[in-house]
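Where a number appears in this text, it was derived from the coordinates with a stated rule and is not lab data. On a predicted model such as this, the values are computed, not experimentally measured, just so you know. Cβ coordinates were reconstructed from backbone atoms using ideal geometry, including for glycine residues, and neighbour counts include every protein chain displayed.
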Amino acid sequence: MTENTAPSKRSFALDALRGFAILTMLLSGQIPFGVLPSWMYHAQVPPPQHIFNPNLPGITWVDLVFPFFLFSMGAAIPLANSKKIEKGIPAYKIIFSMVLRGFILVGFAIFIAHVRPGVIKSTPDTRAYILALLGFLLLFPVLGRFPFNIKPVLNYAIKAAGLAGMVVLCASITYADGSGFNINKNDIIILVLANVAITSAIIWYYTRSNLLLRLGILAFLFAARLVYPEVSWGKWLWKSSPVPWFGMLYFQQYLFIVLPGTIIGDLILKWTKNQKQDTNPVKNTWSNGLYILVACLLLLFIPALLVGLKTRLVFETLLFSSGLLIIVWALIQKAKSNTELFIKKAFQWGAYFLLLGLAFEPYEGGIKKDHPTMSYYFVTTGLAVFMLLAFTIIIDVLKKKKYLQLLIDNGQNPMIAYAGITNLMPPLLAFTGLGPLFAKIFPTPWLGVLGAAIVVLTLAVIVSFFTRKKIFWRS
């Protein structure tokens, strides 16, 4: 088999991973509350009361979606900024664009938290749905990138008009408790993403040619994280928040996921360049059957880790994972082509992070998402690497991109998907009468999951439509 597996200008496997993360994130927020098995919710807030228990170890599939998205963001940083560097754009302009992107995300986090129908009114009515839908539409002129050329002056005018509309909308809303706009009200998930997006991008920029320095920065972060519970200055540093509405240093703990993502992003970038520059590529030595087997084994890690750590079979999970790592390592040992070498190198990093996470599992009372433990950062990072490699095999090697196209489309437009689940779908369901109908059709808990899946799938199709029409939201 010849070496014909070059990725395109984008890493579609990375898009698919991001799409998987965003859609499962949305699904987790739509499933019936409090009546399903504990593995259908965050492990530390089990049913039926959903009372937060920080002493309850284990993770579920719901606990994977956020770190998978963080990892995807990190892996995209080298791909998004390498061309700017190659073009000779000055460092200050590149850094400014990184910071600006973060501030736009902060603005998105604040705005979207103010215009959700359930926030505008505890029991949404027609007015709340209209205002929520208007908030969704106003994001198009502000964040939208369209498939046609617009003169810069007109483009700025459109964005200014959109921003003015957002300001007027937020200023005109009076909430159920009588309060109005509050800059400290935000979407915590987007706010965390904004904070680590800035930090990780800047760290990558200044360590892009020095991986050891990047790992050294992680080591200092590791030290700050370890002394946090024990040392007064550590607590002060970790909980400090110079600008409360922007975030706190506590958010930087997620660099333990994002920075490893940049390492894999560097490997993707190198793989892409080698494919383009190699005029006499080495032929693949692995058969399609071997690729399929490797992809299946990589995906097997996810249910194995979730079940093993949730049921507290920690030692058995370590043994099983180690054996599985050895099997995959033996299968991919003889790597010669660019694609094979990329998979082998990325797998090594994934295996390292997974084993590091499992080594930390007993620390802090076992793996937990809330409050996140050292084990959580590294186990989820390893699993994200393995899913990315499985998607790479499916898309770039086996050429079955069509089977993951819906994930890819949503991964390229995650902001529309994220806002759409709260500001587009509820108004549509209310105005069409489908909301009450769904309640009758899907009355039981598991049927409720099916109804939630239909809502998320419908949104995914809508987002896919925008993506295919080349209408994107970009920070």
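Odds and ends about this structure:
- For the residue pairs 336/402; 270/336; 159/470; 235/369, the alpha carbons lie more than 21 Å apart in 336/402.
- For residue 142, neighbours were defined as the other residues whose beta-carbon sits under 15 Å from its Cβ, and their charges (Lys and Arg +1, Asp and Glu -1) total +4.
- Label-to-label distance, nm, for residues given as residue 167 and residue 348 (7 Å Cα→Cβ offset): 5.4 nm
- A Förster distance of 22 Å, applied to the separation of the beta-carbon atoms of residue 290 and residue 322, puts the FRET efficiency at 0.55.
- The residues packed around residue 209, meaning those with a beta-carbon under 13 Å from its beta-carbon, carry a net charge of +2 if Lys and Arg are +1 and Asp and Glu are -1.
- Note on the chain: helix-only mean residue ellipticity at 222 nm, from DSSP H runs of 4+ residues weighted -39500 (n - 2.57) and normalised by residue number, equals -22000 deg cm²/dmol.
- Residues 340, 364 arranged by fewest to most Cβ contacts within 10 Å: 364, 340
- Annotation for residue 122 and residue 440: the two label points, set 7 Å from Cα along the Cα-Cβ direction, are 2.8 nm apart.
- Anchor residue 121: lysines whose Cα lies under 20 Å away (excluding residues fewer than 8 positions away in-chain): 185
- Taking the longest Cα principal axis of the chain as reference, the axis of helix 211-227 is set at about 60 degrees.
- Cα gyration tensor shape of the chain, rounded if a/c is under 1.5, else prolate or oblate by comparing a/b with b/c: rounded
- 0 to 90° range, to nearest 10: angle between helix 188-207 axis and the chain longest Cα axis: 40 degrees
- The alpha carbon gyration tensor of the stretch 357-475 gives principal lengths a ≥ b ≥ c with a/c of 1.5 or higher and a/b no greater than b/c, which makes the shape oblate.
- Phi-derived couplings, Karplus 6.51 cos²θ - 1.76 cosθ + 1.60 at θ = phi - 60°, listed residue by residue for the stretch 330-339: 5, 5, 9, 4, 8, 9, 10, 6, 4, 5 Hz, with x used for Gly and Pro.
- In the stretch 140-232, Cα pairs under 8 Å separated by at least six residues give a relative contact order of 14 percent.
- When only the Cβ of Lys, Arg, Asp and Glu is charged (+1, +1, -1, -1), the dipole of the stretch 168-245 relative to its Cα centre reaches about 280 debye.
- By definition, a body whose alpha carbon gyration tensor gives a ≥ b ≥ c is oblate when a/c is 1.5 or more and a/b is not larger than b/c, and the stretch 48-138 fits this oblate description.
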